[in-house]
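Below is one structure, written out as structure tokens, with a few remarks after it.
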Amino acid sequence: MLAESFETIGLAKLATVIDPELGVDLVSLGLIYGVTTDTQGHCVVTMTLTMMGCPLTAVLSERITAAMITIAGVTTVTIDLVWEPAWSIARMSRVARLTLGV
């Protein structure tokens with residue numbers, strides 16, 4: 001599977017994962033920094049959160065894993081939670097900003 005096509009498919013799947021507090025998908029919020037897979041079907045989602053200690057971390061991890069495991073060839077999912085670069089409102093899509101009134 002080509003890295004570019006997997007990233008496109010992965011981002012489309014991640015766009016179905018809605019932040020339960022904000023009601024906006026993780027991709028539009030700008031929380032997803034990357035999505036990759038290897039030849040053994042191991043998927044890594046690199047992401048951040050809007051704040052450290054987010055109480056929804058476990059819920060989001062479960063929803064991300066459930067979405068990504070539906071992609072053909074993906075056998076395992078790891079979430080690489082990073083804090084650099086720091087998230088800011090500037091990472092949000094126009095639609096997310098309009099939805100949240102930012």
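The values are calculated or read from the model by the stated rules, or taken from the named source; none is laboratory data. What you see is a predicted model; the values in this text were computed from it and never measured. Every residue, glycine among them, receives a Cβ derived from its backbone with ideal geometry; neighbour counts consider all protein chains shown. Side chains are part of the model used for accessible areas, which takes the heavy atoms of the whole protein and leaves out ligands, DNA and RNA. Shrake-Rupley method; radii C 1.70, N 1.55, O 1.52, S 1.80 Å.
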* Filter result for A67 (surrounded by 14 or more Cβ atoms within 10 Å (Cβ to Cβ) and touching a Gly at 6+ places or on another chain (Cβ under 8 Å)) -> no
* Asked: Pick from the stretch 1-21 the residues that are touching a residue at least 24 places away in the same chain (Cβ under 8 Å) and in a helix (DSSP H, G or I): which of them is farthest from T57 (Cα to Cα)?
  -> A3
* Across the stretch 10-43, which residue is most open to solvent (accessible area, probe 1.4 Å) among those that are hydrophobic (A, V, I, L, M, F, W, C) and more than 10 Å from the chain's Cα centre (by Cα)? -> L22
* Structure fact -> Only unsatisfied item for S93, checking (1) open to solvent by less than 50 Å² (accessible area, probe 1.4 Å); (2) closer than 14 Å to D19 by Cα; (3) out of contact with any strand residue (DSSP E or B) (no Cβ under 6 Å at 6 or more places or on another chain), is (2)
* To do: Being modelled with pLDDT of 95 or more, in contact with a strand residue (DSSP E or B) (Cβ under 6 Å, 6 or more places away or on another chain) and among the hydroxyl-bearing types (S, T, Y) narrows it down to one of T37, T16, T78, so name that one.
  => T78
* Asked: What is the one condition in (1) touching a Ser or Thr at 6+ places or on another chain (Cβ under 6 Å); (2) open to solvent by 80 Å² or more (accessible area, probe 1.4 Å) that L98 does not satisfy?
  -> (1)
* Yes/no for S5 being open to solvent by less than 60 Å² (accessible area, probe 1.4 Å) and at pLDDT below 95 -> yes
